[in-house]
Amino acid sequence: PRRDYPELRFEEGSMPALDLPDGKLGGVLAWYSTIHVPGERLPEVFAEFHRVLAPGGEVLLAFQVGDGVLRLEEAIGHSVALDFNRWQPDRIAELLADAGLAVRAKVWRERDTEGDVKERTPQAFLLARKAAG
């Protein structure tokens with residue numbers, strides 16, 4: 001994205017401890033990144049999103065729907081140790097609300113199962129907003 005939008009500033013960091021001042025961001029995008037956060041740490045992550053968002057700021061999440069953890073020990077011919085946590089959309093909406101982020105839109109759907117990209121797991125997309133004031 002930086003190459004395509006050099007005028008924009010992009011930041012990377014640890015979700016539970018973002019190196020940003022309070023109320024700094026207009027939005028947070030967590031696109032399939034919370035699937036790597038253990039469930040007991042999600043409230044901490046969502047509280048951090050709330051902290052760094054300006055009033056009226058929004059967070060957009062995408063994640064795999066389900067219960068439990070999928071563990072990969074091999075990917076593309078390499079040994080790995082990678083966990084994918086799957087969440088129920090209603091539970092994530094509750095955790096966002098507990099952190100002060102009101103869910104404005106929730107989509108839960110099956111992804112394409114034909115063509116070049118095949119998805120075996122349903123996907124969810126949630127948009128939440130920090131109160132404006």
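Overview of results
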| item | result |
| --- | --- |
| Those trypsin sites (Lys or Arg not before Pro) in region 4-94 that DSSP places in a loop and that have at most 13 other beta carbons within 10 Å | R9, K24 |
| Antiparallel DSSP beta bridges within the chain, as percent of all bridges there, nearest 5 | 75 percent |
| Top of V107, V59, V45 by mean-square fluctuation, Gaussian network on the chain, Cα under 10 Å | V107 |
| Cut-off 14 Å between beta-carbons: net charge of the residues surrounding A47, Lys and Arg +1, Asp and Glu -1 | -3 |
| Tensor-based shape of region 1-65 (alpha-carbon gyration tensor, a/c under 1.5 rounded, otherwise prolate or oblate) | oblate |
| Heavy-atom accessible surface of the chain: percent carbon and sulfur, 1.4 Å | 51 percent |
| Helix axis angle, 42-52 relative to the chain longest principal axis, alpha carbon, degrees | 40 degrees |
| T121 long-range amide H proximity, modeled H, under 5 Å | none |
| Scaled radius of gyration (Cα, divided by 2.2 N^0.38 Å) that the chain gives | 1.12 |
| Within region 21-71, chymotrypsin sites (Phe, Trp or Tyr not before Pro) in DSSP loop having at most 13 other beta-carbon neighbours inside 10 Å | Y32 |
| Average accessible area per residue (Å²) across the chain - probe 1.4 Å, nucleic acids and ligands excluded | 65 Å² |
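The values are calculated or read from the model by the stated rules, or taken from the named source; none is laboratory data. What you see is a predicted model, and the numbers here were worked out from it, not measured in a lab. We place every Cβ from the backbone using ideal geometry, glycine too, and count neighbours over all the protein chains shown. These area figures cover heavy atoms from the full protein model, side chains too; ligands, DNA and RNA do not enter into them. Shrake-Rupley method; radii C 1.70, N 1.55, O 1.52, S 1.80 Å.
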